[in-house]
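One structure is given below, encoded as structure tokens.
What follows is calculated from the coordinates using simple rules that are stated; it is not laboratory data. In this text the structure is predicted, and so the values were computed from the model without any measurement. All Cβ positions, even for glycine, are placed from backbone atoms using ideal geometry, and neighbour counts span all protein chains on display.
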Amino acid sequence: MVILHRHEEWRISSWEGDQFAELPLEGEIRDLPSSLEWRRWDGGAGDLEFQLRPSFPEYPVIAKPTPALTISPGGHALFYIGIPASLEVYGQCDGTLRKLASLSTDSLSKSWHGDRSAGQVCYALRTRARRSFDPSDWPEHDIVVAVDLKNESSEAFLFDRLFLDLGHFSIFNHEGHLWSNACQIRISEDDEDGNDITYAPNPLDPASDAPEIATAQAGKARRSKIGSAFTSVIDIIP
């Protein structure tokens, strides 16, 4: 990504892969390739401040474990889910910071959660839900979301996929890794109205004292419901 302020404009160019790997971290306009494609926003001559902030993807996500896990009645299982962060770019316009763009750190495939008449678009994660967090084996730009699944039904539950709405999760920074506040999702026999989810105010250890760097997009919450958290994905959207 390149951010440029010129002729009272903010300009942003982004690309995937190593197409412009030779570009230096800093330089002058003449150092930039002429083939860059720009998105442009107005900005006064004195509007020079900009910020980069991490955020969750635009849509909810579908996560799967490897392999599926059966959770016994009354039991629970903790999973760590890695969600590719997006990078929000804010530029100063008329003295205030305004969101200019949101760029994903990974290309995510769209899916459809729920039935065809009453579902919603979501992203299918390529990385799998894990039972432990190993910082040496974790994607650099993934946000760590710790999810405790508690089976309150009288029958064993086979966990093979999870639909997760991200609106009430904040983002924290701990030793170079991004974390979210932890949560617990209750699996019950009567889930027609959705599954109960409880949000902790902070991440789990070792990041429990990490500073918050981005607040929840839909506002912080103590408790909410996820509609049909464990129902199947219909298909992949091209």
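The 3J(HN,Hα) values that the Karplus relation (6.51, -1.76, 1.60; θ = phi - 60°) gives for segment 152-165 are, in residue order, 9, 8, 8, 10, 5, 10, 8, 8, 10, 6, 9, 8, 10, 7 Hz. Gly and Pro appear as x. As a proxy for reagent exposure, ranking C93, C122 by other Cβ atoms within 10 Å from fewest up yields C93, C122. For the residues L36, L158, L100, a GNM of the chain with alpha-carbon springs under 10 Å puts the largest fluctuation on L36. Fewest neighbouring Cβ atoms within 10 Å first, the residues E26, E16, E58 line up as E26, E16, E58.
Dividing the C-alpha radius of gyration of the chain by 2.2 N^0.38 Å, with N its residue count, gives 1.16. Backbone geometry of segment 175-180 corresponds, through the Karplus equation with coefficients 6.51, -1.76 and 1.60 at θ = phi - 60°, to 3J(HN,Hα) couplings of 6, x, 10, 8, 10, 10 Hz, x marking Gly and Pro.
When every Cα-Cα distance of segment 2-48 is counted in 5 angstrom steps from zero, the calculated P(r) takes the values 5, 19, 29, 25, 14, 7, 2 percent.
By the beta-carbon count within 10 Å of each Cβ, the least crowded to most crowded order of V61, V145, V2, V121, fewest first, is V121, V2, V61, V145. When the Cα convex hull of segment 1-118 is projected onto planes of every orientation, the mean area is 12.5 nm².
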